[in-house]
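The values are calculated or read from the model by the stated rules, or taken from the named source; none is laboratory data. None of the values given here were measured: they were computed from a predicted structure. When we count neighbours, we look across all protein chains shown, and the Cβ atoms used for this are built from the backbone with ideal geometry, even at glycine. Ligands, DNA and RNA are stripped out before the accessible areas are found, and what is left, the full protein with its side chains, is counted by its heavy atoms. Shrake-Rupley method; radii C 1.70, N 1.55, O 1.52, S 1.80 Å.
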Amino acid sequence: MASSTTFSTWTFNLNILAPKLSKNNGGEFICRYPNGCFKQTLHSMTTSSSADIFGSNEKPVDWSRGNLSVKNGVQCRALEVGTKPSFSVGNKFQFDDVIEAQQFDRDTLSAIFDVALEMEKIEKNSRGSQILKGYLMATLFYEPSTRTRLSFESAMKRLGGEVLTTENAREFSSAAKGETLEDTIRTVEGYCDIIVMRHFENGAARRAAMTANIPVINAGDGPGQHPTQALLDVYTIQREIGKLDGIKVGLVGDLANGRTVRSLAYLLAKYENVKIYFVSPEVVKMKVDIKDYLTSRGIEWEESSDLMEVASKCDVVYQTRIQRERFGERIDLYEEARGKYIVNQDVLNVMQKHAIVMHPLPRLDEITVDVDVDPRAAYFRQAKNGLYIRMALLKLLLLGW
Amino acid sequence: MASSTTFSTWTFNLNILAPKLSKNNGGEFICRYPNGCFKQTLHSMTTSSSADIFGSNEKPVDWSRGNLSVKNGVQCRALEVGTKPSFSVGNKFQFDDVIEAQQFDRDTLSAIFDVALEMEKIEKNSRGSQILKGYLMATLFYEPSTRTRLSFESAMKRLGGEVLTTENAREFSSAAKGETLEDTIRTVEGYCDIIVMRHFENGAARRAAMTANIPVINAGDGPGQHPTQALLDVYTIQREIGKLDGIKVGLVGDLANGRTVRSLAYLLAKYENVKIYFVSPEVVKMKVDIKDYLTSRGIEWEESSDLMEVASKCDVVYQTRIQRERFGERIDLYEEARGKYIVNQDVLNVMQKHAIVMHPLPRLDEITVDVDVDPRAAYFRQAKNGLYIRMALLKLLLLGW
Amino acid sequence: MASSTTFSTWTFNLNILAPKLSKNNGGEFICRYPNGCFKQTLHSMTTSSSADIFGSNEKPVDWSRGNLSVKNGVQCRALEVGTKPSFSVGNKFQFDDVIEAQQFDRDTLSAIFDVALEMEKIEKNSRGSQILKGYLMATLFYEPSTRTRLSFESAMKRLGGEVLTTENAREFSSAAKGETLEDTIRTVEGYCDIIVMRHFENGAARRAAMTANIPVINAGDGPGQHPTQALLDVYTIQREIGKLDGIKVGLVGDLANGRTVRSLAYLLAKYENVKIYFVSPEVVKMKVDIKDYLTSRGIEWEESSDLMEVASKCDVVYQTRIQRERFGERIDLYEEARGKYIVNQDVLNVMQKHAIVMHPLPRLDEITVDVDVDPRAAYFRQAKNGLYIRMALLKLLLLGW
């Protein structure tokens, strides 16, 4: 989002929106002019610079640069953010958009997780369930992803907001007539308060965010980023294991192509004393860029072909699906890779009592169905956590901390 | 639905949800634990056992068996239900899901119809129109059926609830990647409070219900069941004729393939002194299983080739569409069957003043358009009754009697 | 819409719906019977008769004829309308449906624009944002048009109303089984309070309106009408230039096939001292019917091949897209036509300071992207005005003036 003009038309009614108002933290500075609310993208000081490891077409963005939006010749710097968020309308969220997992540092992740936890506790028809009343979210999906779309739409509605849906923007919209993404965004932003976009092209979310005067959330852009998935994965570990520092995580399956495990490895590098095990068939091994990145951050990692041994040591066994389409004609290689590492009762038997099995879903047979009843099978809870993370981000982008 | 964990997060606010609270009936026993609400499927004693006449792939379910759900080692029996429902949040509905028309006995049908009648009277912006505020329904449609979907979504919204929609789950969702229906249900139930599912496979609704911890309503599963259609048909007869005992019904058209007329014949057998006439072209006659079932229940029936004579005797002339796709290459047979029994002015002329014409819609030319203006043309009122039946079921499954 | 029976079920709660009630104007006569509300289409006296210039298949309708609806043998005349609308539930809107731009005379347009302006001022969570609470709009789209659909749905939700969506009614609905449009309308009207329909056939909207007992808005019917687009265009000129009498408008691009520019030219003829310039490649010149019509109304017009000169004189440069599909095999003619008249910095340089550039969108390269930042680029504001016009029409059709 670049700068907002909607606020003059649809003003906040704080008495309705805010269950309680937090006090200003020292250093807060919210800049609002009668004509609109000007924003900028500021990254807090602890942010690690993001290397270009998430896609070769994607230019790394210096999130700390400020990325100032200017409108009508006026500009302003956004605030420093209080360290402890509370469930309220108060301090501005330090980001205008959610484009990639890397934009969040450790402290911000922790603060977002606190908000997600508050979201879990919101009761039906309580005041908290109406904080986004009057807000409209457009789900602009250029490729269908029913799971992700329903999760975002549920999140918005659980907070009292409303939704405009298009599941097939690529085929249906003016895109088919040759309209640019930028023009589409400029039109759609006139109809809503926030855009959740799924696109087939790497970098599309950032282009949309650069154009829009309202917040944009990336719900996956091609082989690029899917930041809410990355956040819900880390949140699930925090929620299930109770910590992120010092955890041991086994990443299993297709580590070469899996956007999920690559993002997770990247985010885990923000924490201390983390140990990562890579368990994958030879043809889909974790690529060297992530390994180098982990090493550069002082994160211990090793490759293993012994799932049982890794499972016995880990706090988290993160299983992924071997995707047939990655193997082209080589069905034989696919079949070999696919059957190699299965999470089943035998794996459960060696896992520690407190450990969990995660999976981004959908799963085929890489986790056997009999695992589901074990309390350590966390993958459906993980999917549900996506709801809370998305509720938190919608709240933060529209109302602030 | 198996057992629910959503209640702990999204608790009832009874002051908002319930216009009035009914008193406990003797024998009520609602079992709620802090960790969730455990449920079971209990069938009342008058239930007739359902023979396997609705599809050869479908195993009959003993609804009276109890079908206990167990979670965390705790289980409980659901209550006996008061005989007279009132518009309130009170006694638990005796079913967790709506899967097939056979699950309802005569008394339960009557009680549901009472609730449907109350639904007709709900006024815009009255308290009644907000009883499902805060609830989310997902319409998970594996094959499109715009009419049924819109009817359910309208029902939910008329009661203040919200909707998540997917009209093309088969193509769009993870099903295309090989995810099982069970896994999809486990994910989607995390986003909503009730699932309305349409599927192309017989028995899919029951599989979904066995998996889900929230209620599931079958909106049609392939050649199997479409229970809300069956209920709205019986409700329409009750509403239009004023009784079900002692009625005479002429079923006309494609009786061999029509799911609708087969279900209707089955349900009518629950009432007394019913007489059924079958009027159909030779190639699409009513099958012997239904005839045998009616005979076994002491229901009088006869076949006739004289629509005029039948129409003059009946309270209800239930016309159906001859479906071309049933005839394969034999277009000649289709054309012959199609033109044979048309409801037109001549038929109206012999019908009694109080009688009605019904049709499940869509209609082609088996009812001529000039019939529409006659007050006895009940088919559009019948479609609208679907709204009230669905409102009633949503209310009952989510709030109880 | 023919006559309404929904009012008996979903009665107005005026205390909730109406922020303030306007006094009755002299001559008001609202006819409500317990069984329903009977309506008619009355056109005010200043209406110009609409020549058949919008499509050869379309019969002109004499909107002043009254078009009385009769139900149960009772009929009634609708009221004269007060000249000054206010934001309230009061006098009945003089139309039951919005089918074509021609149905509105100059005074009515002006009054609608006043309501649209009030819509711009509605704040989030204010009382105004809830005036359509409890109302359901169905978007029945037989061909996809994401932009138009989202605009209508946003309009409904900005006023507190709810939406039932179907984007692919042609493929998904019973239409595929041979159901007539009339039958579909009769079913869908049972589920909602107003229908917004997009169809691929000229005249479909009028057929729907003739059938429906609830209001119908035409969101485009094939090569026929798209009245809300025409209204938002005129509204944008009024809003941006401050007047409609005496304006100079240059229509540029594909004038032969563009439904938009043809409607706009027609509507502009309702105003005084208007001057229209046609600037188009030879192959897509404005057709003679519109030119004759303008002449007959005393509107000055001329054709020009000099965009720069026209741009320097006009208040509005209305650019349109040259549509490739109109040229069939003659790609050479398309390419020639396409590049001929581009709105770029050079054109901006000769335009007056107060003048604006409009475009119905989507645009390809007929307006260069560098024009977007100029304050005179009004096309995205124009798109947003569609929201306000649609909010106004929904309000007027459902609540009256």
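With respect to B:GLU143, determine if the residue is touching a residue at least 40 places away in the same chain (Cβ under 8 Å), farther than 16 Å from B:VAL216 by Cβ, of a type in the set (Asp, Glu) and open to solvent by 20 Å² or more (accessible area, probe 1.4 Å). Working first, answer last.
Numbers: touching a residue at least 40 places away in the same chain (Cβ under 8 Å): yes; farther than 16 Å from B:VAL216 by Cβ: yes; of a type in the set (Asp, Glu): yes; open to solvent by 20 Å² or more (accessible area, probe 1.4 Å): yes.
Criteria met by B:GLU143.
Scanning region C:343-372 for residues that are farther than 18 Å from C:GLN323 by Cβ, out of contact with any strand residue (DSSP E or B) (no Cβ under 9 Å at 6 or more places or on another chain) and aliphatic (A, V, I, L, M) yields a total of 2. Residues of region B:270-291 that are without any contact (Cβ under 8 Å) to a residue 60 or more places away in the chain, over 24 Å from B:GLY328 (Cβ atoms) and of a type outside the set (Asp, Glu): B:ASN273, B:VAL274, B:LYS275, B:ILE276, B:TYR277, B:LYS291. Put simply, of C:ARG170, C:ARG127 the only residue that is closer than 30 Å to B:ALA138 by Cβ, more than 9 Å from every other protein chain (Cβ to nearest Cβ) and modelled with pLDDT under 95 is C:ARG170.
Among the helices (runs of 4 or more DSSP H) lying completely within region C:159-260, list those that include at least 3 residues that are of a type in the set (A, V, I, L, M, F, W, C) and open to solvent by less than 30 Å² (accessible area, probe 1.4 Å). Even if it seems obvious, please write down each step before you answer.
Values: elements: C:169-172, C:181-188, C:204-211, C:227-241.
Where helices (runs of 4 or more DSSP H) fall fully within region C:159-260 and carry at least 3 residues being of a type in the set (A, V, I, L, M, F, W, C) and open to solvent by less than 30 Å² (accessible area, probe 1.4 Å), they are C:181-188, C:204-211, C:227-241.
Just to confirm my filter: which helices (runs of 4 or more DSSP H) fall fully inside region B:299-355 and include at least 2 residues that are under 27 Å from B:GLY242 (Cβ atoms) and open to solvent by less than 20 Å² (accessible area, probe 1.4 Å)? If you could, list the steps in order and put the result at the bottom.
Working: elements: B:307-313, B:331-340, B:345-350.
Here the list reads B:307-313, B:345-350.
Among the residues that make up region A:389-396, is at least one of them at negative phi, surrounded by fewer than 16 Cβ atoms within 10 Å (Cβ to Cβ) and more than 11 Å from chain B (Cβ to nearest Cβ)? The answer is no; no qualifying residue exists. Among residues of region A:146-163 that are at positive phi, those with a beta-carbon under 6 Å from a residue that is assigned to a helix (DSSP H, G or I) at least six positions away or on a different chain give the pairs A:GLY160/A:SER129; A:GLY160/A:GLN130.
Hey, could you check region A:121-140 for residues that are in a helix (DSSP H, G or I) and open to solvent by 30 Å² or more (accessible area, probe 1.4 Å) and say which is nearest to C:LEU159 (Cα to Cα)? Before you say what the answer is, go through the steps one by one.
Looking only at region A:121-140, we keep the residues that are in a helix (DSSP H, G or I), and these are A:127-130.
With open to solvent by 30 Å² or more (accessible area, probe 1.4 Å) added as a condition, the list becomes A:127, A:130.
Values: A:ARG127: 21, A:GLN130: 17 Å.
Selected residue: A:GLN130.
Just to be sure before I move on: is B:ILE237 in contact with a His (Cβ under 8 Å, 6 or more places away or on another chain) and among the β-branched types (Val, Ile, Thr) in the structure I sent? Outline the logic, then answer.
On the way: in contact with a His (Cβ under 8 Å, 6 or more places away or on another chain): no; among the β-branched types (Val, Ile, Thr): yes.
It is false that B:ILE237 is in contact with a His (Cβ under 8 Å, 6 or more places away or on another chain) and among the β-branched types (Val, Ile, Thr).
Scanning region B:183-207 for residues that are acidic (Asp, Glu) and more than 23 Å from A:LEU159 (Cβ to Cβ), we see that the one that is nearest to the other protein chains (Cβ to nearest Cβ) is B:ASP183.
Take the conditions (1) closer than 25 Å to A:ARG158 by Cα; (2) in contact (Cβ under 8 Å) with a residue 40 or more places away in the chain; B:THR228 misses just one of them, which is (1).
So that you can scan it fast, the table gives a plain yes or no per residue for (1) farther than 29 Å from C:GLU123 by Cβ; (2) in contact with a His (Cβ under 7 Å, 6 or more places away or on another chain); (3) more than 7 Å from chain C (Cβ to nearest Cβ):
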{"position": "A:LEU132", "(1), (2), (3)": "no, no, yes"}
{"position": "A:MET137", "(1), (2), (3)": "no, no, yes"}
{"position": "A:TYR142", "(1), (2), (3)": "yes, yes, yes"}
{"position": "A:SER151", "(1), (2), (3)": "yes, no, yes"}
{"position": "A:SER154", "(1), (2), (3)": "no, no, yes"}
{"position": "A:GLY160", "(1), (2), (3)": "no, no, yes"}
{"position": "A:VAL163", "(1), (2), (3)": "no, no, yes"}
{"position": "A:THR166", "(1), (2), (3)": "no, no, no"}
{"position": "A:GLU179", "(1), (2), (3)": "yes, no, no"}
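Residues that are more than 10 Å from every other protein chain (Cβ to nearest Cβ) and assigned to a helix (DSSP H, G or I) within region A:361-381 comprise A:ASP370, A:VAL371, listed in sequence order. Within region A:215-234, the set of residues being touching a Phe, Trp or Tyr at 6+ places or on another chain (Cβ under 7 Å) and either of a type outside the set (Gly, Ala, Ser) or farther than 13 Å from A:ARG149 by Cα (or both) comprises A:GLY222, A:GLY224, A:GLN225.
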